[in-house]
């Protein structure tokens, strides 16, 4: 019997008051980590948020860190912000030109990445659902559209205006997306294992070069 790995969902929200898609100018304001028993929120000063998230991931049992488009956005965004602050996270990324996207890469970056964080492998659930040829292919790609298609039915929020949300609403929104990434990945196990990034934790790939 194939043992199912533990899956943790990760999602970040950035400051959209200027350009929330540019890690050179927009800080991370919230990170959510979804476990099978509960969700955890990291917020406050960005350096504290990044450090606390890194330490929490270090403390968890080895598993798979599931994101939605994390190869192109969440992971390089976090690595970029950490590099700007001189923080050495346990996040290791490797640029992979084969991970093609129809959108321009994150500002300051050349493309998408394979990754791992401390002892946890990474799986980009967006790429898994986009590439598996299943019914989710009928949707263009937004996380909540996929979730509604498979019956999870989350509420909708304009992600480009998260700076207008109350603190409570922002936390709920981030935790919802982290939870969806986790649940959507768990639903595809054990077959989802073939989409897990292969990055040697001993490789000194570190954070991506930033421009």
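Readers should treat all values here as calculations from the given coordinates under stated rules, not as data from a laboratory. Model, not experiment: these values are computed from the prediction. Quick reminder, even Gly has a Cβ in these numbers, built from the backbone with ideal geometry, and neighbours come from all protein chains shown.
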Quick note on 68, 117, ordering by fewest other C-beta atoms within 10 Å, gives 117, 68
When the chain is fully extended, how far beyond the present Cα-Cα distance does residue 100 get from residue 4, taking 0.36 nm per residue of separation?
31.7 nm
Calculated FRET efficiency, residue 60 and residue 88, Cβ-Cβ r, R0 25 Å, to nearest 0.05?
0.85
Please list the radius of gyration and Dmax for region 74-125, considering alpha-carbon atoms only, with Å as the unit.
11.3, 31
Run the quick spin-label model on residue 25 and residue 110: label points 7 Å from Cα toward the beta carbon, then report their separation in nm to one decimal.
2.5
Two-decimal ratio, region 4-114, of alpha-carbon radius of gyration to 2.2 N^0.38 Å
1.04
